[in-house]
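Trainee: Dropping a structure here in structure tokens format, bear with me for questions.
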Amino acid sequence: MSAPDHPSVEFLLPQELIDKARQVIEANRAVGRRLAVAESCTGGLVGAALTEIPGSSDVFEASLVTYSNDAKMKLAGVALDVLETFGSVSIANAWAMAQGALERAEVDVAVAITGIAGPDGGSEKKPVGTVVFARAERDAPPDKIKAERREFGNLGRGGIRLQAALCALELLMPDAPMAGSAPPAP
């Protein structure tokens, strides 16, 4: 087909996601950091946003989409006992995913995202909209991996995934704040 049959599409994703991804790429390029993500509930959305930015390949190394528990174990190296003991939406799992992505992609920083985007799958302890994040950095001891749980509420599947992706991108910024450091825990 000829070009007129295909209208030009600059970006496939929401502009706010593209804008945040551009900030991440530019800020990390400026400090010489390489990045990776391990995604579950976002299903590759963070990686997709980062790769929308021309020249992102000099900063962004890999996105591990580990939607199933099997994939979390095979691709990110999460131990079965972590998943069986704490569940896939837990600080312990996010912690292991981030560390696995950091090691496997051989990057400077990795962020992991796991959560419940709904509309089903929530519980009283982990309602729809619960998302857990972790950030691991090269040469930091494993007990210094930062992790936190956020409750976005039931914004609908797309809304939860968008907010989770925006939060993950923020955590990829060179001096991103987090609630605190946490070793593996439920």
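The values are calculated or read from the model by the stated rules, or taken from the named source; none is laboratory data. Given the structure is predicted, the values throughout are model-derived calculations rather than measurements. Reconstructed Cβ throughout: ideal geometry from the backbone, glycine too, with neighbour counts over all protein chains shown. With ligands, DNA and RNA removed, areas are computed over all heavy atoms of the protein, side chains included. Shrake-Rupley method; radii C 1.70, N 1.55, O 1.52, S 1.80 Å.
Trainee: Dimensions of region 49-186 along principal axes (Cα, Å, largest first)?
Mentor: Per principal axis, max minus min of the Cα coordinates gives 41, 33, 28 Å.
Trainee: Suppose R0 equals 30 Å. What FRET efficiency, 1/(1 + (r/R0)^6) with r the Cβ-Cβ distance, do Y67 and E137 give to the nearest 0.05?
Mentor: Efficiency computed from Cβ-Cβ geometry: 0.75.
Trainee: Based on the Cβ-Cβ distance from D120 to D19, what FRET efficiency comes out when R0 is 25 Å, to the nearest 0.05?
Mentor: Calculated value: 0.20.
Trainee: Which residue fluctuates the most in the chain, going by a Gaussian network model with Cα springs under 10 Å, if the choices are D70, D81, D19?
Mentor: Among D70, D81, D19, the largest mean-square fluctuation in the Gaussian network model of the chain belongs to D81.
Trainee: Region 61-140: which GluC sites (Glu not before Pro) are DSSP loop and have at most 16 other beta-carbon atoms within 10 angstrom?
Mentor: Those that pass, being in a loop and sparsely packed, are E106, E124.
Trainee: Per residue, how much accessible area does region 1-120 have with a 1.4 Å probe, in Å²?
Mentor: 46 Å²
Trainee: Could you compute how fast region 11-59 diffuses translationally, taking Rh as the Kirkwood radius over C-alpha pairs and applying Stokes-Einstein at 4 °C with viscosity 1.567 mPa s? Give it in µm² per second.
Mentor: Details: Rh = 11.0 Å.
Once the numbers are plugged in, D ends up at 118 µm²/s.
Trainee: Further question: If N is the number of residues in region 57-111, what value comes out of its Cα radius of gyration divided by 2.2 N^0.38 Å? Intermediate values should be presented prior to the final figure.
Mentor: On the way: Rg = 11.2 Å, N = 55, 2.2 N^0.38 = 10.1 Å.
Scaled against compact globular proteins, the figure is 1.11.
Trainee: Here's another thing I want to ask about it. Excluding the sites themselves, what is the longest stretch of the chain that contains no trypsin sites (Lys or Arg not before Pro) in a DSSP loop with at most 13 other C-beta atoms within 10 Å?
Mentor: With trypsin sites (Lys or Arg not before Pro) excluded where exposed in loops, the chain gives 1-124 as its longest stretch.
Trainee: Something else: For the chain, please report how many Lys pairs fall under 23 Å Cα to Cα, leaving out neighbours fewer than 8 apart on the same chain.
Mentor: Lysine pairs satisfying the spacing and distance rule in the chain number 8.
Trainee: Using a 1.4 Å probe on the protein chains only, how many percent of the accessible area of region 13-166 belongs to carbon and sulfur?
Mentor: 50 percent
Trainee: Moving on to the next point. Only Cα pairs within less than 10 Å get springs; with that Gaussian network setup on the chain, which residue of I113, I25, I53 has the largest fluctuation?
Mentor: Looking only at I113, I25, I53, the biggest GNM fluctuation is shown by I53.
Trainee: Count the DSSP beta bridges whose two residues both fall in region 1-144, then state the antiparallel fraction as a percent rounded to the nearest 5.
Mentor: Beta bridges within region 1-144, antiparallel portion: roughly 40 percent.
Trainee: Here's a follow-up. If amide hydrogens are placed 1.01 Å from N in the peptide plane, which non-local residues have theirs closer than 5 Å to the one on G118?
Mentor: Close amide H contacts, sequence-distant or interchain: G129.
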